[in-house]
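Enquirer: After the C-alpha cells below, expect a handful of questions from me.
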Amino acid sequence: MEKFKLVATTAMGLESIVADEVKALGFKTTSDNGKVYFEGDTAAIAKTNMWLRVADRVRIIVGEFHADTFDDLFEQTKAIRWEQFLSVDAAFPVAGKSVKSILYSVPDCQAIVKKAIVERLKIAYNRTGFLDETGPLYKLEVSILKDKVTLTIDSSGVGLHKRGYRVGQGDAPLKETMAAALVKLTRWNPDRPFIDPVCGSGTIAIEAAMIGQNIAPGTNRDFLSEQWPWMETSVWEQVREEVEDVAKRDLILDITGSDYDPELIRIAQGNAAQAGFTGLINWQVQDLRDLTLNGSNGVMVGNPPYGERLGELEDAEQLTQDLGQLMKKYPSWSVYMLSSLENFEEMYGKKATKKRKLFNGFIRTDLYQYWGKRK
C-alpha cells in the first residue's frame with residue numbers, strides 16, 4: 001500500500017508525549033516544534049486519528065519545497081500530483097500562514113496555491129471551465145516558514161480534542177488533549193486512586209477514565225478522511241473493531257472529581273454520561289479545605305484558577321495555600337498542578353520536585369509536580 005508522509009500537530013511542550021503515542025502505534029518518528037513526523041499508509045491515518053490523545057490533528061504532507069517568488073509557488077504546486085488525493089469534484093478550501101518569508105501575503109499565497117491546483121486537476125481530468133467542488137471535502141493548508149513551503153491536507157476535520165462527550169463546560173475549560181497530557185505525565189495506572197479536586201466540568205477525570213479503561217479517544221466521533229473515496233471503508237471498520245477488542249469497559253477505577261460548585265458537578269456528570277462513564281467516576285460537591293483522600297499512593301491532578309482576572313489573584317493564591325496544607329496529611333500522594341502563578345511554590349509551601357513548562361492555549365503555565373513517598 002502507498003505510504004504517506006504524515007505529521008501530528010500538537011501544542012508546544014507536548015511533542016515528546018505525542019511521539020510516544022505514535023511510536024506505541026508502531027511508527028518511527030522525528031519531532032520539531034509542535035510537530036511529530038512519521039510515515040504510514042491509509043491504515044496509519046485511521047489508526048492515529050482514532051488513538052492519539054494529545055495531538056491536535058493528523059495532516060498529510062503533500063509537498064515541500066522552497067519558493068521566494070509567486071511564480072515558484074505556482075509552478076511547484078502545480079507539479080504535484082494532486083489527482084492522487086483530490087477527485088474531480090473535490091471541495092478544497094486553502095488556509096494559509098507565512099512566517100519570516102519573502103512571500104508574506106497569506107491571501108495571495110492561498111489564491112495562487114488554489115489556482116495552481118485547479119490548473120493541475122483540469123489537465124489531469126481533461127476538464128475545461130470551472131470545477132464544481134460539490135464532492136468530498138479536503139482542507140488544505142499552505143504553510144511558509146523561512147521561504148520553505150509545506151502543503152498539507154487535514155485528515156482529522158474537527159480538531160482531535162473534540163471527543164464528542166463535552167455537552168457542557170465551565171468558564172475556562174481545559175482542552176481534552178491537554179487534560180490527557182496531564183494524566184499521561186503523571187504515569188498514573190488504574191491500580192492507583194486518582195482525583196481532580198478542582199474538576200470544573202470534569203475533563204481531566206474523564207480523560208483519566210478513558211486512559212484507565214483503554215478507550216480510544218476517537219471512539220465517539222467521525223473524521224473528515226472517512227469521506228474520502230481512496231480511504232477504504234474496510235480500513236475504518238477494522239480500526240473501530242480493534243478499538244472495541246482492546247477496550248476494558250468493565251474495569252473498576254478509583255477516580256474522583258470534586259468541586260465546590262454544584263452546577264459544575266452537574267455538568268461534569270452529564271459529560272461523563274455522554275462519554276459512557278455513568279457511575280464509574282465519583283463526583284463530589286466539596287470545598288478543597290474539607291477534602292478527605294482515601295487510599296495511598298494516589299495521584300492528584302488539577303488545573304486550578306490562575307487568577308488572571310482582576311481581583312481573582314488572591315483567591316488563586318489562597319487556594320494554592322489551602323492545597324499545600326491539605327497535602328501535608330497525605331505524603332504518599334503525588335500532586336500535579338497546572339498554574340500560571342509565578343509564586344505557586346511559595347503559596348504551596350514547598351518547592352516542586354519537578355516543573356514542566358506548558359502552554360494552556362496562549363497562557364504560559366508550569367506543571368508543578370510533587371512526587372509522593374510511595375508506601
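The values are calculated or read from the model by the stated rules, or taken from the named source; none is laboratory data. All values derive from a computational prediction rather than experimental measurement. Note that each Cβ is placed from the backbone with ideal geometry, even for glycine, and that neighbours are counted across all protein chains shown.
Enquirer: Quick check on this structure: which one of LYS122, LYS97 is of a type in the set (Lys, Arg) and more than 30 Å from GLU15 (Cα to Cα)?
Expert: Working: LYS97 fails: more than 30 Å from GLU15 (Cα to Cα).
Step by step, each of LYS122, LYS97 is checked, and only LYS122 is of a type in the set (Lys, Arg) and more than 30 Å from GLU15 (Cα to Cα).
Enquirer: I'd like to verify a number: residues in region 245-259 that are touching a strand residue (DSSP E or B) at 6+ places or on another chain (Cβ under 9 Å) and surrounded by fewer than 18 Cβ atoms within 10 Å (Cβ to Cβ), how many? Give the steps one after another, and end with the answer.
Expert: Taking region 245-259 and keeping what is touching a strand residue (DSSP E or B) at 6+ places or on another chain (Cβ under 9 Å), we get 253-259.
Now restrict to residues that are surrounded by fewer than 18 Cβ atoms within 10 Å (Cβ to Cβ): 254.
Adding up the residues that qualify gives 1.
Enquirer: Still on this structure, please answer the following. Can you tell me which residue in region 345-375 is nearest to the chain's Cα centre (by Cα), limited to those that are surrounded by 17 or more Cβ atoms within 10 Å (Cβ to Cβ) and outside any strand (DSSP E or B)?
Expert: ALA352
Enquirer: Could you check, for region 225-244, whether at least one of its residues is surrounded by fewer than 24 Cβ atoms within 10 Å (Cβ to Cβ), among the hydroxyl-bearing types (Ser, Thr, Tyr) and within 22 Å of ASN294 (Cα to Cα)?
Expert: No, every residue in region 225-244 fails to be surrounded by fewer than 24 Cβ atoms within 10 Å (Cβ to Cβ), among the hydroxyl-bearing types (Ser, Thr, Tyr) and within 22 Å of ASN294 (Cα to Cα).
Enquirer: Can you say whether ILE195 is within 30 Å of ALA67 (Cβ to Cβ) and not in a loop (DSSP other than H, G, I, E, B), as far as the supplied structure shows?
Expert: Numbers: within 30 Å of ALA67 (Cβ to Cβ): no; not in a loop (DSSP other than H, G, I, E, B): yes.
Spelling it out, it is not the case that ILE195 is within 30 Å of ALA67 (Cβ to Cβ) and not in a loop (DSSP other than H, G, I, E, B).
Enquirer: State whether one or more residues within region 186-193 are within 21 Å of the chain's Cα centre (by Cα), surrounded by 16 or more Cβ atoms within 10 Å (Cβ to Cβ) and either of a type in the set (A, V, I, L, M, F, W, C) or under 21 Å from ALA79 (Cα atoms) (or both). Can you show your working first?
Expert: Narrowing region 186-193 to residues within 21 Å of the chain's Cα centre (by Cα): 186-189.
Among the residues that remain, those that are also surrounded by 16 or more Cβ atoms within 10 Å (Cβ to Cβ) are: 186, 188.
From what is left, the residues that are either of a type in the set (A, V, I, L, M, F, W, C) or under 21 Å from ALA79 (Cα atoms) (or both) are 188.
Yes, some residue in region 186-193 is within 21 Å of the chain's Cα centre (by Cα), surrounded by 16 or more Cβ atoms within 10 Å (Cβ to Cβ) and either of a type in the set (A, V, I, L, M, F, W, C) or under 21 Å from ALA79 (Cα atoms) (or both).
Enquirer: While we're looking at this one, here's another question. Could we say that ASP315 is at pLDDT below 95 and either aliphatic (A, V, I, L, M) or part of a helix (DSSP H, G or I) (or both) here?
Expert: On the way: at pLDDT below 95: yes; either aliphatic (A, V, I, L, M) or part of a helix (DSSP H, G or I) (or both): yes.
Criteria met by ASP315.
Enquirer: Condition test on TYR104, is it farther than 28 Å from TRP333 by Cβ, in contact with a Ser or Thr (Cβ under 7 Å, 6 or more places away or on another chain) and among the aromatic types (Phe, Trp, Tyr)?
Expert: Working: farther than 28 Å from TRP333 by Cβ: yes; in contact with a Ser or Thr (Cβ under 7 Å, 6 or more places away or on another chain): yes; among the aromatic types (Phe, Trp, Tyr): yes.
Spelling it out, TYR104 is indeed farther than 28 Å from TRP333 by Cβ, in contact with a Ser or Thr (Cβ under 7 Å, 6 or more places away or on another chain) and among the aromatic types (Phe, Trp, Tyr).
Enquirer: When only residues in region 3-60 that are touching a residue at least 40 places away in the same chain (Cβ under 8 Å), more than 18 Å from PHE359 (Cβ to Cβ) and of a type in the set (Gly, Ala, Ser) count, which is surrounded by the fewest Cβ atoms within 10 Å (Cβ to Cβ)?
Expert: Per the criteria, the residue is ALA43.
Enquirer: Then there is this: Surrounded by 24 or more Cβ atoms within 10 Å (Cβ to Cβ), in a loop (DSSP other than H, G, I, E, B) and aliphatic (A, V, I, L, M): does that describe LEU160? Show your work before the answer.
Expert: Numbers: surrounded by 24 or more Cβ atoms within 10 Å (Cβ to Cβ): yes; in a loop (DSSP other than H, G, I, E, B): yes; aliphatic (A, V, I, L, M): yes.
Yes: the conditions hold for LEU160.
Enquirer: If you scan region 242-284, which residues turn out to be assigned to a helix (DSSP H, G or I) and among the aliphatic types (A, V, I, L, M)? Spell out how you get there, then give the answer.
Expert: Of all residues in region 242-284, those assigned to a helix (DSSP H, G or I) come to 242-246, 262-274.
Within region 242-284, VAL243, VAL246, LEU264, ILE265, ILE267, ALA268, ALA272, ALA273 qualify.
Enquirer: Any chance region 276-293 includes a residue that's in contact (Cβ under 8 Å) with a residue 24 or more places away in the chain, of a type in the set (Val, Ile, Thr), in contact with a Lys or Arg (Cβ under 7 Å, 6 or more places away or on another chain) and assigned by TED's automatic domain parsing to the domain that holds PRO190? So that I can check it myself, show each step before the final result.
Expert: Taking region 276-293 and keeping what is in contact (Cβ under 8 Å) with a residue 24 or more places away in the chain, we get 276-277, 280-289, 291, 293.
Within this subset, residues satisfying the condition of being of a type in the set (Val, Ile, Thr) are 281, 285.
Narrowing the set further to residues that are in contact with a Lys or Arg (Cβ under 7 Å, 6 or more places away or on another chain) leaves none.
No, that holds for no residue.
Enquirer: Please name all residue pairs, on different chains or six or more residues apart, with Cβ atoms under 6 Å, provided the first residue is in region 140-152 and is closer than 17 Å to GLN84 by Cα and the second residue is in a loop (DSSP other than H, G, I, E, B) and modelled with pLDDT of 95 or more.
Expert: Short answer, once both residue conditions are applied: LEU140/PHE92.
Enquirer: Another question, if that's okay. When the residues of region 326-375 are narrowed to those that are acidic (Asp, Glu) and either in contact (Cβ under 8 Å) with a residue 12 or more places away in the chain or not assigned by TED's automatic domain parsing to the domain that holds ARG187 (or both), which ends up nearest to GLY302 (Cα to Cα)? Before you say what the answer is, go through the steps one by one.
Expert: Here is the first cut: in region 326-375, the ones acidic (Asp, Glu) are 342, 345-346, 366.
Add one more test, that the residue is either in contact (Cβ under 8 Å) with a residue 12 or more places away in the chain or not assigned by TED's automatic domain parsing to the domain that holds ARG187 (or both), and what stays is 345, 366.
Numbers: GLU345: 15, ASP366: 12 Å.
If we take residues in region 326-375 being acidic (Asp, Glu) and either in contact (Cβ under 8 Å) with a residue 12 or more places away in the chain or not assigned by TED's automatic domain parsing to the domain that holds ARG187 (or both), then ASP366 is nearest to GLY302 (Cα to Cα).
Enquirer: Also, quick follow-up: Among the residues of region 83-136, how many are part of a strand (DSSP E or B) and either in contact with a His (Cβ under 7 Å, 6 or more places away or on another chain) or surrounded by fewer than 18 Cβ atoms within 10 Å (Cβ to Cβ) (or both)?
Expert: First, the residues of region 83-136 that are part of a strand (DSSP E or B): 91, 94-99.
Among the residues that remain, those that are also either in contact with a His (Cβ under 7 Å, 6 or more places away or on another chain) or surrounded by fewer than 18 Cβ atoms within 10 Å (Cβ to Cβ) (or both) are: 91, 95, 97, 99.
Matching residues across region 83-136 total 4.
Enquirer: Might you let me know whether region 316-325 holds any residue that is without any contact (Cβ under 8 Å) to a residue 12 or more places away in the chain, under 23 Å from PRO173 (Cα atoms) and within 28 Å of the chain's Cα centre (by Cα)?
Expert: Looking for residues that are without any contact (Cβ under 8 Å) to a residue 12 or more places away in the chain, under 23 Å from PRO173 (Cα atoms) and within 28 Å of the chain's Cα centre (by Cα), one finds none in region 316-325, hence no.
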